[in-house]
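Here's the structure, in structure tokens; my notes come after.
Laboratory data are not the source of any read-out in this text; all were calculated from the coordinates shown. Model, not experiment: these values are computed from the prediction. Counting neighbours? That spans all protein chains shown, and the Cβs are built from the backbone with ideal geometry, glycine included.
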Amino acid sequence: MNASSPGRIVLLTTSHRVAPGILSWPAWQALHGADRVLCADGAHPQLPYLREAGVTVDEAAPTAQELVDACAGGRTVVVVATGEGEPRLTDGLSRLAGSGRVRMPDLELLPASYDLPGARLLDLVEVMDLIRRECPWSSRQTHEGLAKYGIEEAYELVEAIEEGDRDALREELGDVLLQVVFHARIAEDHPEEPFSVDDVAAGIVAKLIHRHPHVFGDATVTTPEEVRANWLRAKAEEKQRTSVTEGVPLGQPGLALAAKLASRVRTAGLDVPLPPGEGVGYELLALAARAEAAGVDPEAALRAAARAYRDAILDAEKNADRTED
């Protein structure tokens, strides 16, 4: 230890989204090598694990000057940051350093645990759980009562995509995700067949792995068409359906329904002529089947045409207003 050295301050930060006690190796080295370890929060979730590992932690909230003094003589002090990140302490250290009157210790910010991709989903699950328990409205909701919102949010997501609005896209994806997490939380309360968001995630992970043998297995593909063929083959194995119409929701919009049925028939290689009939419905069925065969989504095409019609209406209204003026 160099008696003339101003020492070293290590601000140790951790993520509450990572289990307490799981810290990086540099963090454990800093903790075991420190002359003092301080933490302002006696209930910090890391403390029991640090003490179990033989690290002495003093519960203290020093001022910036007190911390600088504690480092005098070349000592190293590790501060285990609270959830707020110690803004009062860091602001105080900045002021001392800016004054030019104090010989400052070396200051190191050491992240001891990191958020992995998707870590904020844990926050969503936690917030949803609290809302489900504490909110008078949310605590009474059922799958059936929320069904309409799922449909609305899906349509709003499609609209954001078609409009090319990136801000709206991010927001609408969040709203769709909320529906998933909300329904999964409701499912936990089922008296006989409960399941959780983890069960939902586990199911889709297993499905994705099974349907991507070219990524997770030994299969080899070179074209998107081969990927789709693998997907359909794996899906058929999972579902073991007796009809290509199984799994086609009849409650979806009519053009989408007609196109989906036509797609199932074409993919299965069936020769099923369109039913004979007269009227708008049969004409739309034929148009939807023709669009699907050409690789066109008839619902999206009709929405695009409807938006153009809307714009024409708006222009006509503006022109009418100018004429009146």
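When N is the residue count of the stretch 230-273, what does its C-alpha Rg come to as a fraction of 2.2 N^0.38 Å? Could the numbers behind the result be given before it?
Working: Rg = 11.0 Å, N = 44, 2.2 N^0.38 = 9.3 Å.
Ratio of Cα Rg to 2.2 N^0.38 Å: 1.19.
Which residue, W231, F182, I209, has the largest displacement toward the positive end of the dipole of the stretch 170-300 when charges sit on each Cβ (Lys, Arg +1; Asp, Glu -1)?
W231
I want to check a number: in the stretch 167-325, how many lysine pairs have alpha carbons closer than 21 Å, given a sequence separation of 8 or more or different chains?
Values: K207/K235; K207/K239; K235/K260; K239/K260.
Eligible lysine pairs with Cα atoms under 21 Å apart amount to 4.
If exposed means no more than 15 neighbouring beta carbons inside 10 Å and the site is in a DSSP loop, what's the longest run of the chain without any exposed trypsin sites (Lys or Arg not before Pro)? Kindly include the intermediate steps, with their values, before the conclusion.
Details: sites that count: R101, R103, R241.
Free of exposed loop sites, the longest segment is 104-240.
Kirkwood Rh over Cα pairs of the stretch 185-325 into Stokes-Einstein at 10 °C, 1.306 mPa s: D in µm²/s?
Details: Rh = 19.4 Å.
Estimated diffusion coefficient is 82 µm²/s.
Excluding the sites themselves, what is the longest stretch of the chain that contains no GluC sites (Glu not before Pro) in a DSSP loop with at most 16 other C-beta atoms within 10 Å? Intermediate results must be reported in sequence, preceding the final value.
Values: sites that count: E84, E192, E246, E278.
Result for the longest clean stretch: 85-191.
So what's the net charge close to A256: Lys and Arg +1, Asp and Glu -1, counting the other residues with Cβ under 14 Å from its Cβ? Intermediate values should be presented prior to the final figure.
Values: positive: K260, R264, R303; negative: E292, D297, E299.
Combined, the nearby Lys, Arg, Asp and Glu give 0.
Do any chymotrypsin sites (Phe, Trp or Tyr not before Pro) in the stretch 156-256 lie in a DSSP loop with no more than 16 other beta carbon atoms within 10 Å, and if so, which? Walk me through the numbers on the way to the answer.
Values: sites: F182, F195, F216, W231; in loops: F195.
Hits after loop and neighbour filter: F195.
Once phi is turned into ³J(HN,Hα) by the Karplus curve 6.51 cos²θ - 1.76 cosθ + 1.60 with θ = phi - 60°, what whole-Hz value does each residue of the stretch 65-71 show in order, with x for glycine and proline?
5, 5, 5, 4, 5, 5, 8
Counting only helical runs of four or more DSSP H residues, what would the 222 nm mean residue ellipticity of the chain come to if each run contributes -39,500 (n - 2.57) and the total is spread over all its residues?
Using -39500 (n - 2.57) per qualifying helix, the result is -18500 deg cm²/dmol.
Can you give me the relative contact order of the stretch 14-98 as a percent, contacts being Cα pairs under 8 Å and 6 or more apart?
For the stretch 14-98, the relative contact order is 34 percent.
Based on alpha-carbon centroids, what's the gap between the stretch 163-207 and the stretch 10-65 in Å, whole number please?
Here the two parts' Cα centres lie 35 Å apart.
Compute for the chain: radius of gyration divided by Kirkwood radius, i.e. Rg/Rh, restricted to C-alpha atoms, rounded to two decimals.
On the way: Rg = 30.5 Å, Rh = 26.4 Å.
Here the Rg-to-Rh quotient is 1.15.
Through the Karplus equation 6.51 cos²θ - 1.76 cosθ + 1.60, θ set to phi - 60°, convert the phi angles of the stretch 137-153 into ³J(HN,Hα) values in whole Hz; use x for Gly and Pro.
7, 5, 5, 9, 6, 10, 4, 5, x, 8, 3, 5, 5, x, 5, 4, 5
Show me, for the stretch 104-120, the HN-Hα J-couplings you get by feeding each phi into the Karplus relation (A = 6.51, B = -1.76, C = 1.60, θ = phi - 60°), rounded to Hz, glycine and proline as x.
8, x, 5, 10, 10, 9, 10, x, 8, 8, 10, 6, 7, x, x, 4, 5
Let me understand the stretch 69-147 better: what is its radius of gyration from the alpha carbons, and its Dmax, in angstrom?
Answer for the stretch 69-147, Rg first and Dmax second: 22.0, 68 Å.
Quote the charge dipole size of the chain about the Cα centre in Debye, to the nearest 20; the model charges only the Cβ of Lys and Arg (+1) and of Asp and Glu (-1). Mind showing how you got there, number by number?
Numbers: 33 positive and 53 negative charges, 203 e Å.
Dipole of the chain, to the nearest 20 debye: 980 debye.
I want to verify a result. In a Gaussian network model of the chain, Cα cutoff 10 Å, which of these has the top mean-square fluctuation: S15, S99, S139?
In this elastic network of the chain, the residue with the biggest mean-square fluctuation among S15, S99, S139 is S99.
What residues qualify as long-range amide H neighbours of L274, i.e. H under 5 Å apart, gap of 5 or more or another chain, H built at 1.01 Å from N?
none
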